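The values are calculated or read from the model by the stated rules, or taken from the named source; none is laboratory data. Please read these numbers as outputs of a predicted model, since none were measured by experiment. Here Cβ is always computed from backbone atoms with ideal geometry, including for glycine, and neighbour counts include all displayed protein chains.
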Amino acid sequence: MTRARGFTLVELLVSVGIFSFLLMSLYGIMQTGTAVYFADTALLQLQQNARNGMGRIIREVRESRASAVMFIDQHSDRIFFSTPTQSHVMFYRDGNNLVREYSGQTVIVATDIVHLRFTKAGTQLTVDIGAGKTVYNRPIAFSLVETVKLRNE
């Protein structure tokens with residue numbers, strides 16, 4: 001009597017269990033990698049939005065005189081100013097957007113902006129921009145502060 005060659009039921013169950021464990025581990029690693037990728041991409045976009053908005057504000061406000069920069073209060077989220085070529089330029093936050101308004105036209109300069117503060121001390125203006133969003137139930141935030149010296153009279 002010869003014995004049939006093959007695997008026993010116990011050997012098959014053990015190998016299926018080991019293979020299932022390996023697949024579940026690989027799935028977990030892939031899911032974590034995907035979440036990290038999307039979170040990093042979102043942070044990069046937030047940084048680019050905040051830097052683009054900050055650059056636009058700083059570039060334009062640098063052209064104005066200190067007396068031409070106005071706020072609603074000392075720590076305002078709206079700024080009004082005039083430059084030699086443009087008058088009544090305004091930057092403000094509307095919802096999660098950084099908006100530039102001039103001559104009745106509004107342009108969204110940056111998105112996902114969660115806070116915006118302007119502080120003026122003499123001829124120095126400090127701009128504080130914060131951007132944020134949630135990716136994969138994880139909050140992501142980026143803040144940027146810059147001080148610019150306004151032109152003399």
> From the list 69, 61, 99, which residue is touching a Lys or Arg at 6+ places or on another chain (Cβ under 8 Å), surrounded by 16 or more Cβ atoms within 10 Å (Cβ to Cβ) and under 17 Å from residue 124 (Cα atoms)?
Replying inline: 69
> Cβ-Cβ below 8 Å, separation at least six or inter-chain, first residue in the range 2-26 and surrounded by 10 or more Cβ atoms within 10 Å (Cβ to Cβ), second in a helix (DSSP H, G or I) and among the hydroxyl-bearing types (Ser, Thr, Tyr): which pairs?
Replying inline: 7/15
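Can you report the number of residues in the range 102-123 which are outside any loop (DSSP other than H, G, I, E, B) and either free of Cβ contacts under 8 Å to residues at least 60 places away in the same chain or not hydrophobic (A, V, I, L, M, F, W, C) (or both)?
We begin by selecting, within the range 102-123, every residue outside any loop (DSSP other than H, G, I, E, B); these are 102, 105-110, 113-121.
With either free of Cβ contacts under 8 Å to residues at least 60 places away in the same chain or not hydrophobic (A, V, I, L, M, F, W, C) (or both) added as a condition, the list becomes 102, 105-109, 114-121.
Selection size over the range 102-123: 14.
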> Within the range 81-92, can you find the residues that are surrounded by fewer than 19 Cβ atoms within 10 Å (Cβ to Cβ) and either under 21 Å from the mean Cα position of the chain (by Cα) or part of a strand (DSSP E or B) (or both)?
Replying inline: 90, 92
> Taking into account only those residues within the range 107-153 that are touching a helix residue (DSSP H, G or I) at 6+ places or on another chain (Cβ under 7 Å) and acidic (Asp, Glu), which is surrounded by the most Cβ atoms within 10 Å (Cβ to Cβ)?
Replying inline: 112
> Would you call residue 72 in contact with a strand residue (DSSP E or B) (Cβ under 7 Å, 6 or more places away or on another chain), modelled with pLDDT under 85 and β-branched (Val, Ile, Thr)?
Replying inline: yes
